[in-house]
1. Return the tail of the calculated pair distribution for region A:10-71, meaning the percent of Cα-Cα pairs more than 15 Å apart.
2. Rounded, prolate or oblate: pick one for the protein assembly as shown, where a ≥ b ≥ c are the square roots of the eigenvalues of its C-alpha gyration tensor, a/c under 1.5 means rounded, and failing that, prolate if a/b is larger than b/c, else oblate.
3. Would you compute, from DSSP H runs of 4+ residues alone, the mean residue ellipticity of chain A at 222 nm, taking -39500 (n - 2.57) per run and dividing by the full residue count, rounded to the nearest 500?
4. Which Cβ of chain A lies nearest the axis of the rotation superposing A onto B, and at what whole-Å distance?
5. Would you mind classifying region B:83-127 by shape? Square roots of the alpha carbon gyration tensor eigenvalues, ordered a ≥ b ≥ c; an a/c under 1.5 is rounded, otherwise it is prolate if a/b is larger than b/c and oblate if not.
6. Taking loop as defined by DSSP and a crowding limit of 12 other beta carbons within 10 Å, which trypsin sites (Lys or Arg not before Pro) in region B:1-45 fit?
7. With +1 assigned to the C-beta of every Lys and Arg and -1 to the C-beta of every Asp and Glu, and no other charges, what is the dipole magnitude of region A:10-71 about the Cα centre in debye, to the nearest 20?
8. For chain A, what does the alpha-carbon gyration tensor say about shape, rounded, prolate or oblate, given a ≥ b ≥ c as the root eigenvalues, a/c under 1.5 as rounded, and a/b over b/c as prolate?
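Quick note: the coordinates plus some simple rules give every number you see, no bench work behind them. Being a predicted model, the structure only gives us computed values, none of them experimental. Cβ coordinates were reconstructed from backbone atoms using ideal geometry, including for glycine residues, and neighbour counts include every protein chain displayed.
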Protein chains: 2
Amino acid sequence: MNNSKVKPTASELEILNILWSKGPSTVREIHEVLELNKDAGYTTTLKLMQIMNEKSLVKRDETSKSHVYSANVSKELMQGQMVKGMIDTMFNGSASQLVMQALGNHKADAKELDEIRKYLDLMDNKK
Amino acid sequence: MNNSKVKPTASELEILNILWSKGPSTVREIHEVLELNKDAGYTTTLKLMQIMNEKSLVKRDETSKSHVYSANVSKELMQGQMVKGMIDTMFNGSASQLVMQALGNHKADAKELDEIRKYLDLMDNKK
DNA sequence: TTGTACTTACGAAATAATTCGTACGTTTGT
DNA sequence: ACAAACGTACGAATTATTTCGTAAGTACAA
């Protein structure tokens, strides 16, 4: 997993998500998942994945006739990039503002809140 | 401030950010700020703002010759939409996962961490 | 008055992203 | 062997976004 600053489009992100959760997949496998939510032809998916390959967002194994694609950027890295973008453009660079917005509007159950507390304590210790 | 589910493009978001921080402004005022970071002509900015007006992302006061534009969606609302989108597409619907990603990679100082703690406690009380 | 500067409106070019048709090759079942 | 099914490649149409040129109106100073 290399690759520094590529920004996937919305469609590309959908595909990456599938690859992250399913692991290496053929175009058809990806396409079948995509079909559940949207409606586009097979060659559309194929083309997208070919482009993603050129951009090195995915890599592909051409050993067998049906090429097998896998993500070439980690989900964590991409999450990081996107969260950073969001903090910079919408939260004046303040991570905690984002955090509060996220907590305010989206229910987290008690267990999750506890995890976050632990996390906060952990960060204090680091100093 | 009305308007439900419009998704601003990146350029539109830049303009909204300026409007949110400066308040109602003319095209020229906005353009002067934009010019600091990018380089595009005046009519480009104008056109963009006209389109945003059609989409009701902004509203405009045509009383004086130089029309005065202001945001027609609140920053908070937009933050909410975007955070939600992010949580749904990149964090499996879990707000706390986003929170931890945000805290993990982006320094928040001690004061901010305390604010977050207070916030967490407050949420517990609500139950 | 005349001309310079500024404004809006708007069509259309330039660019980016998505979608699809079609060609062409390989595999598989009969 | 042959057709049907399935795979890749790829040019090009479609759609979305960004950019700009030009026309036309108004204010204002010389």
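1. In whole percent, the share of Cα-Cα pairs in region A:10-71 beyond 15 Å is 41.
2. On the way: a/c = 2.03, a/b = 1.16, b/c = 1.76.
It comes out oblate by the Cα gyration axes.
3. -20000 deg cm²/dmol
4. A:Val99, 2
5. The shape class here is oblate.
6. Details: sites: B:Lys5, B:Lys22, B:Arg28, B:Lys38; in loops: B:Lys5, B:Lys38.
Filter output for region B:1-45: B:Lys5, B:Lys38.
7. Rounded to the nearest 20 debye, it is 140 debye.
8. The shape class here is prolate.
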